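The values are calculated or read from the model by the stated rules, or taken from the named source; none is laboratory data. None of the values given here were measured: they were computed from a predicted structure. As a convention, Cβ positions derive from the backbone with ideal geometry for all residues, glycine included, and neighbour counts pool all protein chains shown. For accessibility, only protein heavy atoms count, side chains too; no ligands or nucleic acids. Shrake-Rupley method; radii C 1.70, N 1.55, O 1.52, S 1.80 Å.
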Amino acid sequence: MKKGVIFDLDGVIVDTAPFHYLAWKETADKLGIEIDEEFNENLKGIDRYNSLQKILEFGNVALEEEEKERLMKEKNDRYLELLEKLNKESILPGIESFISELKKNGYKLALASASKNAPLILKKTGLYEYFDNIAEPGSVRAKPFPDIFLKGAELLGLEVSECVGIEDSYAGIQAINDADIFSIGIGDFEILSDADLNLKSTDFLTLELINNIV
């Protein structure tokens, strides 16, 4: 029986991808780089620095590190402005009841998000208190490296074999799998085909499902 669940944030608990897209698009526009929502799919699960790198590579633009830092701060400031719209209604379907049931039944919960704004997002949606630990993304290698999920298990005091990881991105599923944690993919079956279990949406996450994973 599993004892812990390690969650990604964007696309699993809340859908902040549209906010990320708007903020990155504004940044790309200033650089003369055109990105669309299809391109934005490549940024899911990727940290801020590597997201900017992908945009720069796409537009064949080279920048000094100092300028990259400025753009990342500018993007994040804009993203934080957009996050002001977040509230309980921003939680994806079924997630709050799912998390509540897990806690009532003794599961430990950790967050493994590439977002440094994760604590703020959890607080704005009223979910912060459910989580035992939040793995700090800046302290480990970014997804698709397994580090943040390994850190999540460590913070929970559990073996990886005792954990389940939930992700909606290709990079995230690779990270969970490489951590030797049971992976659940939420969303596109084709993109997330490497997951141990695929679910169409968060609606299908239930306590019974987790209880039955061996």
Some residue of the range 52-72 being open to solvent by 60 Å² or more (accessible area, probe 1.4 Å) and in contact with a Lys or Arg (Cβ under 9 Å, 6 or more places away or on another chain): no
Meets criteria (free of Cβ contacts under 8 Å to residues at least 40 places away in the same chain, surrounded by fewer than 19 Cβ atoms within 10 Å (Cβ to Cβ) and among the acidic types (Asp, Glu)) for Glu96: yes
Looking only at the range 1-51, and only at residues there that are under 20 Å from the mean Cα position of the chain (by Cα), in a helix (DSSP H, G or I) and small (Gly, Ala, Ser), the one that is farthest from Leu82 (Cα to Cα): Ser51
Any hit, the range 154-171, residues being more than 12 Å from the chain's Cα centre (by Cα), farther than 22 Å from Met1 by Cα and open to solvent by 10 Å² or more (accessible area, probe 1.4 Å): no
Some residue of the range 153-170 being of a type in the set (A, V, I, L, M) and closer than 30 Å to Leu56 by Cα: yes
Per-region count, the range 71-102, residues at pLDDT 95 or above, small (Gly, Ala, Ser) and within 19 Å of Gly11 (Cβ to Cβ): 2
